[in-house]
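Colleague: My questions will all concern the structure given below.
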Amino acid sequence: MKARAPASSANLGPGFDCLAVALSLYVEVSVEPAERLTVTTSGCGSDLPSDSSHLAAKVVTGIVGNDRVAIHVHSDIPVGRGLGSSAALAVAAAAAAGADDPFEVGAEIDGHPENAAASAYGGLVAAATVNGRPVARQLKLDTELSFVVLVPDRQLLTSDARAALPEQVSHSDAVFNLGMMGLLIAGLADRRAMIPEAGEDRLHQAARSRLFPEAPALLSGLREAGALMSCWSGAGPSLLAVCVASVAEGVAQAARLLMNDMKVTGNAWVLEPDIGGVTVSRGKSE
């Protein structure tokens, strides 16, 4: 069996650990019976060890109950860039192995459910852990929206990004984020309702900026170039701009010029929302 799952951008500013959107960048996993475990990889992450320690191997063998499988992984999702590569891989591997609920498997592996929900179901999702179980719901997403993802060459480990967060936040900061998240959801449902401030938050982005000092200026530059709003993508260092589709290429080009001016190596991609989530078919991944 072969499964394909999309990347995701989580948090979306104020929706810390709650919101994510699936993006048109993919990982494919194929699983076939074999005499012994083999793991082959290509694309992003192909430099990781191809043995039983590989995330796809752990997921697949845990589901099928043995290690007599041949697994191939091809990924176009950069690792350690805040684009949900681990969650997408876990969801795709679980689906290819025949899991009843790839979302639940992905959420367990990733530790929180929003990236796995986007990869499993597609579109814009809200997710939470309820009574110990991951729960997700799809939200309305304006069909005229596209996303520009600014992807630096540098990696930022999620563990480091988490360690940068304050242990406590004030009541006023929590209320601020709740208000911005409501406005953000309204703007993503109807682009005409989006305000630039909807990407602001007081829980994680400012605290993480010391790990990527150029981020605030880049986020501001994305909005000045025509983005409706901008924010960190997941734990970073990638940054996300929500755009009307007709201006997305112009925003991406402006982002590349700004990155060059600031000596931040990397690229800016225009990505569409993935609406279908994980898909399963028969055959080998490419």
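Colleague: Does SER230 satisfy the criteria of being among the polar types (S, T, N, Q) and closer than 24 Å to GLY122 by Cα?
Modeller: yes
Colleague: Determine if the stretch 218-228 includes at least one residue that is of a type outside the set (Phe, Trp, Tyr) and in contact with a Lys or Arg (Cβ under 7 Å, 6 or more places away or on another chain).
Modeller: For the stretch 218-228, residues of a type outside the set (Phe, Trp, Tyr) and in contact with a Lys or Arg (Cβ under 7 Å, 6 or more places away or on another chain): present.
Colleague: May I ask you to list pairs of residues, at least six apart or on different chains, whose Cβ atoms are under 6 Å apart, with the first in the stretch 85-96 being under 11 Å from SER8 (Cβ atoms) and the second being among the polar types (S, T, N, Q) and part of a helix (DSSP H, G or I)?
Modeller: As it stands, the answer is ALA87/ASN115; ALA87/SER119; ALA88/SER119; VAL91/SER119, since those pairs meet every condition given.
Colleague: Going by the structure shown, is ALA227 open to solvent by less than 20 Å² (accessible area, probe 1.4 Å), part of a helix (DSSP H, G or I) and modelled with pLDDT of 95 or more?
Modeller: no
Colleague: LEU240 - would you say it is over 25 Å from GLN138 (Cα atoms) and either modelled with pLDDT of 95 or more or not in a helix (DSSP H, G or I) (or both)?
Modeller: Criteria not met by LEU240.
Colleague: Might you check whether a residue that is over 22 Å from LEU25 (Cβ atoms), under 21 Å from the mean Cα position of the chain (by Cα) and among the hydrophobic types (A, V, I, L, M, F, W, C) occurs anywhere in the stretch 209-227?
Modeller: Looking for residues that are over 22 Å from LEU25 (Cβ atoms), under 21 Å from the mean Cα position of the chain (by Cα) and among the hydrophobic types (A, V, I, L, M, F, W, C), one finds at least one in the stretch 209-227, hence yes.
Colleague: Those residues that are outside any loop (DSSP other than H, G, I, E, B) and under 15 Å from the mean Cα position of the chain (by Cα), I need them from the stretch 256-273; list them, please.
Modeller: TRP269, VAL270, LEU271, PRO273 - these are the residues of the stretch 256-273 that are outside any loop (DSSP other than H, G, I, E, B) and under 15 Å from the mean Cα position of the chain (by Cα).
Colleague: Inside the stretch 47-85, can you point out the residues that are open to solvent by less than 60 Å² (accessible area, probe 1.4 Å), outside any strand (DSSP E or B), of a type outside the set (Val, Ile, Thr) and within 20 Å of LEU157 (Cβ to Cβ)?
Modeller: HIS54, LEU55, ALA56, PRO78, GLY80, ARG81, GLY82, LEU83, GLY84, SER85
Colleague: Taking only pairs six or more apart or across chains, which ones have beta-carbon atoms under 8 Å, a first residue in the stretch 235-247 that is hydroxyl-bearing (Ser, Thr, Tyr), and a second residue that is outside any strand (DSSP E or B)?
Modeller: From the stretch 235-247, the pairs are SER238/PRO78; SER238/ARG81; SER238/GLY82; SER238/LEU83.
Colleague: ALA206 is checked against (1) farther than 16 Å from SER9 by Cα; (2) buried (at least 19 other Cβ atoms within 10 Å of the Cβ) and fails just one. What number does that condition carry?
Modeller: All conditions pass for ALA206, except number (2).
Colleague: Please identify the pairs in which a residue from the stretch 181-193 that is touching a residue at least 40 places away in the same chain (Cβ under 8 Å) and over 14 Å from ALA20 (Cα atoms) has its Cβ atom under 6 Å from the Cβ atom of a residue that is open to solvent by less than 30 Å² (accessible area, probe 1.4 Å) and acidic (Asp, Glu), counting only partners at least 6 apart or on another chain.
Modeller: Correct list of pairs: ASP190/ASP142; ARG191/ASP142.
Colleague: Name the single residue that is most open to solvent (accessible area, probe 1.4 Å) among those in the stretch 244-266 being farther than 22 Å from THR143 by Cβ and either modelled with pLDDT under 95 or of a type in the set (A, V, I, L, M, F, W, C) (or both).
Modeller: Taking the candidates together, the pick is LEU257.
Colleague: Just to verify a result, which residue in the stretch 99-120, among those that are touching a strand residue (DSSP E or B) at 6+ places or on another chain (Cβ under 8 Å) and either charged (D, E, K, R) or outside any helix (DSSP H, G or I) (or both), is most open to solvent (accessible area, probe 1.4 Å)?
Modeller: GLU108
Colleague: Shifting gears a bit: Tell me the strands (runs of 3 or more DSSP E) entirely within the stretch 123-180 that contain at least 2 residues that are surrounded by 12 or more Cβ atoms within 10 Å (Cβ to Cβ), at pLDDT 95 or above and of a type outside the set (A, V, I, L, M).
Modeller: Counting at least 2 such residues, we get 133-139, 145-152.
The values are calculated or read from the model by the stated rules, or taken from the named source; none is laboratory data. Because the structure is a prediction, the values reported are computed rather than measured. Note: ideal-geometry Cβ built from the backbone for every residue, glycine included; neighbour counts use all protein chains shown. In case anyone asks, the SASA skips ligands and DNA or RNA and just uses the protein heavy atoms, side chains included. Shrake-Rupley method; radii C 1.70, N 1.55, O 1.52, S 1.80 Å.
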